[in-house]
């Protein structure tokens, strides 16, 4: 085996073992997520210090929130039966499911079928 082939075999083995090498859609998703986090941070750091809120939207569409999570925010975003099914993450960039809303919708299914 040539030295180049041996290095490639070693690198492939190490990549699989440690997850360093990402190919395909998972790698693209991770790269896009990292890009959105970076864009949100750059957006905040580009503002004067007294105007930094550490929450908002990046690319006018993707929500971000880097403020410290609170119990109230956790409850509102993760367990709010009256809130949207999908909402901004408690901390970070992107969206999270509102489990409280999903549970409420599932519980309502028998009620709807009885009315039909």
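At a glance:
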| read-out | value |
| --- | --- |
| Spin-label proximity, residue 61 to region 73-97 - amide N less than 14 Å from point 7 Å beyond Cα toward beta carbon | 94-95 |
| Tensor-based shape of region 22-116 (alpha-carbon gyration tensor, a/c under 1.5 rounded, otherwise prolate or oblate) | oblate |
| Contour minus Cα-Cα distance for residue 54 and residue 102 (0.36 nm per residue) | 14.5 nm |
| Spin-label model distance (nm) - residue 47 vs residue 113, 7 Å beyond Cα toward Cβ | 4.8 nm |
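Read the figures in this text as sums done on the coordinates, not as results from a lab. Remember, it's a predicted structure, so these values are computed and weren't measured experimentally. Don't worry about glycine lacking a Cβ; one is built from the backbone with ideal geometry, like all the others, and counts go over all protein chains shown.
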